[in-house]
Every structure is written in structure tokens, then in C-alpha cells.
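Bear in mind these aren't lab numbers, they're just calculated from the coordinates by the rules spelled out. Please read these numbers as outputs of a predicted model, since none were measured by experiment. No Cβ is skipped: glycine too gets one built from the backbone with ideal geometry, and neighbour counts run over all protein chains shown.
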Amino acid sequence: MMDFKWYAVYTKPRWEKKVAELLSKTDVEYYCPLNKVVKQWSDRKKVVEEPLFTSYVFVRVDAKMQTMVRPIDGVVNFVYWLGKPAVIKDEEIELIKRFLNEYSNVRLERTRVSVNDNVKILNGPFMEFEAKVTKVNSKTVTVILPSLGYKMIAEKENIEVIS
């Protein structure tokens, strides 16, 4: 039985989309979270897609397939935690996908996460996910991704919070 898990790979600076494109030509399942951001030029505004995580692309592989990922142009190495490639929970990848699907102009902030800080969300758009919602107010929603050590913050527009 193949034991596929999500891992983060570290890329050369500004190579996230290129690495994702190269991975698309292989049998490796990958995810490069893209954030829709409004850019302002002197003559116009444009919505562009930028990688949410600087220098990271996620791959879903088993131990044998890791050797296929390392030699890909632009891949520096796997992100390690305690001497092994860091495993990212499936629920956290799904949470990132749902969050980016619902919000634009998401920003990341590094955060320290302690053991036992996880919660299971009982209702709302992230129902059934294990994460830590640190703040919900009239303008923003904040969710912590423990295994990545990040929190996502999104501006809320025309959204009603249901208690």
C-alpha cells in the first residue's frame, strides 16, 4: 500500500509557479496556493495571482517518490522538521484551498504554535477542520495552520458571521 502524504518543498526564490509547472509534467500531485491580489499601477488596477507561501510548493508523495521531486529544477529541498521531511496534514491543505476559494488578498503572518492548541471547528465555513481560529471580527477572519506555523488572515467583504 502506498502511503501518500503532503510535504512542503522549498523552492528557489520566486520559482513557486515554475516548480508547479514542472511538477505538472510528472505523476506527482502538487499544490501551489495562489492568492488573488489587486495590484495598482499608475494607469490601472489588475487582479494577479501570487503564491501565498513564499518559496513553498506542496507535494503529495510516498517515501519512494520523494526522490523524483528533489532533482526537479527550482526545488531546493524538502522542508524538514525534527530531522525528517515535515508532513502537512490533509486537513490543512484542504483548509488552505477552502480559505483561498472564499477570500482574496489573504496575508500570512508567522506565528508560534504550542502543542495542544488545536481545535475542531463545529460550524461555519471551516466546519470539521482542525485548526485554531484566533480571531473573527467585522473585517477579518484569522485561522492558524499548526503544522506550517502560519496563520491566515483574510479581509471579509459582505460576509455575515453566523454564530
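When the trypsin sites (Lys or Arg not before Pro) in the stretch 28-109 are filtered for DSSP coil states and for at most 10 other beta-carbon atoms within 10 Å of their beta-carbon, the remaining sites are R44, K64. Pairs of Cα atoms nearer than 8 Å and 6+ residues apart set the relative contact order; for the stretch 5-88 it is 47 percent.
Let me check I've understood the local charge: for V37, count other residues with C-beta under 11 angstrom from its C-beta, Lys and Arg +1, Asp and Glu -1. What total comes out? Combined, the nearby Lys, Arg, Asp and Glu give +3. Close amide H contacts of Y10 (hydrogens built in the peptide plane, cut-off under 5 Å, sequence separation of 5 or more or a different chain): V76, N77, F78, V79.
Could you work out the local net charge near E16, counting Lys and Arg as +1, Asp and Glu as -1, over the other residues with Cβ closer than 11 Å to its Cβ? Charge balance in the 11 Å sphere: +1.
Restricting attention to the stretch 1-77, lysine pairs at least eight places apart or on different chains and with alpha-carbon atoms under 25 angstrom apart total 23.
Computed 3J(HN,Hα) for the stretch 94-107, one whole-Hz value per residue from the Karplus formula 6.51 cos²θ - 1.76 cosθ + 1.60 where θ = phi - 60°, is 5, 5, 4, 4, 5, 4, 5, 6, 8, 10, 10, 6, 6, 10, glycine and proline marked x. Protection proxy ranking, highest mean first, for peptides 72-85, 11-24: 11-24, 72-85, where packing is the per-residue count of other beta-carbon atoms within 10 Å, averaged. Shape annotation for the stretch 1-115: C-alpha extents along the principal axes are 53, 36, 23 Å, from largest to smallest. For the stretch 70-78, 3J(HN,Hα) computed residue by residue from phi via the Karplus equation (6.51, -1.76, 1.60; θ = phi - 60°) reads 3, x, 5, 4, x, 7, 7, 4, 6 Hz, glycine and proline entered as x.
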